[in-house]
Structures are given as C-alpha cells and as structure tokens.
Amino acid sequence: MKRRRGALAAASAISLALLTPAIAHADSRDTFEKTAADVKAAMLADPRKAIDLGQAALAYARQQHSSHMQATALWLLGEANLRVNETQRALTLLSDAQRLAERSDKGTHLEADILLSLGSARTASGEVALAILIGGGAGIAVGILLGTNPLLRRAYEPLLHYLGPTPKIIFFPLLIMWFGVGPGSKVAMGALSSFFPVAISVAAAMREINTVLIRVGLSFRLNVGQMIAKIYLPAMRAPVVNGLRIGLGVAIIGTLLAETKLANQGLGYAVIQTYATFDMPRMYALLIVVFLLAVGINAVLGRYTELRGAAGPSPDAR
C-alpha cells in the first residue's frame, strides 16, 4: 500500500513538473496576445501609442525567447511606423520580422501578413518616388521648353490644358501594352499623372520671369544648362515646388489606381484585397497610411518653400 501511494505521489510530481512549463507558456502567450490586441486597437486611433505598445510587446517577446512573438511584435511595430510616415524604420522592422517568420512561422498567416506589409511599403514608396521623378522631371523640361519658345508654346501648350483634366486611367490599357503588367505600367501611370500639373505650372511660371534676368544671362553668354540652373529655376522656385506638390498627389493616385487594377503587391492591391475579404479595419488603416504618406511629403515640400522664401527674395524680385 505504501509503495502504491509512493508511486502515485511520484507520478503526480512528474505530471506537475511536466505541466508547469506548459501552463507558464500558455500564460505568457495569453499576455502577449492581449498586448498585441491592444496594439492593433491603437493603430487607427493613436499610431504613436501603438508604437509604444508595440515596443513593450517586443520587449516582452524577447524576454520569453519566442521567435513567433518577436516576429509578431516586429510586424505590428512596422505597421504602426508606416502610419506615422516612418517608412525607413518600418522597412527595417518588417525585414527583421520576415527573417524571424521564415524560421518560426513558415507558411503561416503571420508570414503572409508580414510579406504583404513589407511588399506594400517597398513597392509603394519606390514606385511613387520613381513616378514623380520621371513625371516631374519631364514636366519641368517641357515647361521650360514651352516657356522659352513662343512657337512651341502656341502650338502645344493648349494640348497640355486639354489633356491635363482628362482622367489618366483611360490611358492605362495602352500603358499595359507598352510596359507590360509589372511595375513599369504602374510607374508610367504615376508619371503620366504627375507630368501635366508640373508642366502647366512651369510653363506659366516661365512667362512671369523678369525679362531683365533673361537678358543678363544672355549677355553673359550662358548656355542652356547654365540658364536653367542660374536663371530659370531660381526665379520660379515656388511655382515649381507647388507643381511638384500637386504632381505628387496625382502620382500617388495614379500609381495606387494602377495597383488596384493590375498588381499582386503594393498599397493599392492591399486595399482591394482587404475590401474583398471584408477586413474593413485593415482597409481603413491602409487608406490612412496613404493619406499620411501624401501629407508627410507635402509638408516637407511646403517647409522647404517656406525656408527658401525666408532666406531671401527670389532673383526676379531684386
């Protein structure tokens, strides 16, 4: 009888020793999931608070030495940073989350969410930047050309005003034919959208440049590049920046619109996917990301204009 009681006591002790880590693990998982839920709830209302909660969740995950928890916390932190326009920080966090998820959560929904967020951040930022670079650069060049050549201005400036208000989505099938179904067509869509406001703004600004400045440049025998760098661009700095700000907005719209029609990654694609699956909180979160990106870049351009204006009058005002 004593032997049986001893065996039962030993078995109970062994069972308790085996169950204690499992219970502790379940408790830690529940604690982390609660913190992660708090981060998600704060995403829309207060992204800064979501970042603080995400950092707390990451610290807790590291204490638990759980790759799954760390990957989840890094993903949430990356999403929160995207909502406050910290794109570079978000890319770093999401890249770290991807590396962890490849080891601990391969093929799971978590890895898919991380890849979607990472692809959206990389694709959207790169494609919009390239679109505004191409479209804005071409718009500045065409605007200067029309402004310096009266014959070309009379022949082609009306076309800019006619085509400018035209919805650029009607050209999308042609862009697909020319650039394929990859990122090229999306960049081309954004570039085409941003070209017209920049070109119209620069062409109008060229007519407002003080003719004395132009004559001074010609008297010094400046070449075309020197005239653009030393006379034209400084004299119409504010109109060029304002044109780029407008062009940025339509470039974002054009790129994301192209993604909704034809893409397998990017913010526009992510918005359509969340709408198709009725994931409304995530859809609104992505729309807020787009809004914050546009506001942030416009704020930088506006601040640049203010600082340059405070530094001194433009050359044509002297």
Every residue in the range 54-87 that is among the hydroxyl-bearing types (Ser, Thr, Tyr) and over 13 Å from Val39 (Cα atoms), please. Tyr60, Ser66, Ser67, Thr87
Verdict on Gln265 being open to solvent by 60 Å² or more (accessible area, probe 1.4 Å), at pLDDT below 70 and either part of a loop (DSSP other than H, G, I, E, B) or in contact with a Cys (Cβ under 7 Å, 6 or more places away or on another chain) (or both): yes
Residue count, the range 143-193, condition open to solvent by less than 30 Å² (accessible area, probe 1.4 Å) and part of a helix (DSSP H, G or I), comes to 17
Residues located in the range 125-165, provided they are of a type in the set (Val, Ile, Thr) and either farther than 18 Å from Tyr232 by Cβ or under 25 Å from the mean Cα position of the chain (by Cα) (or both): Val128, Ile132, Ile134, Ile140
Close pairs (8 angstrom Cβ cut-off, 6 or more residues apart or separate chains): more than 23 Å from Gly249 (Cβ to Cβ) and in a loop (DSSP other than H, G, I, E, B) in the range 195-211, open to solvent by 20 Å² or more (accessible area, probe 1.4 Å) and among the aromatic types (Phe, Trp, Tyr) anywhere: Ile209/Tyr232
So for the range 127-142 (the condition being more than 18 Å from Pro183 (Cα to Cα) and at pLDDT below 85), does at least one residue qualify? no
Please find, among Gln64, Gln98, Gln88, the residue that is modelled with pLDDT under 85 and buried (at least 18 other Cβ atoms within 10 Å of the Cβ). Gln98
Matching residues, the range 35-61, being open to solvent by less than 30 Å² (accessible area, probe 1.4 Å) and more than 19 Å from Ala112 (Cβ to Cβ): Ala42, Pro47, Ala50, Ile51, Gly54, Ala57, Leu58, Ala61
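The values are calculated or read from the model by the stated rules, or taken from the named source; none is laboratory data. This structure is a prediction, so every number in the text was calculated from the model and none was measured. With ideal geometry, Cβ positions are generated from the backbone for all residues, glycine too; neighbour counts draw on all protein chains shown. Ligands, DNA and RNA are stripped out before the accessible areas are found, and what is left, the full protein with its side chains, is counted by its heavy atoms. Shrake-Rupley method; radii C 1.70, N 1.55, O 1.52, S 1.80 Å.
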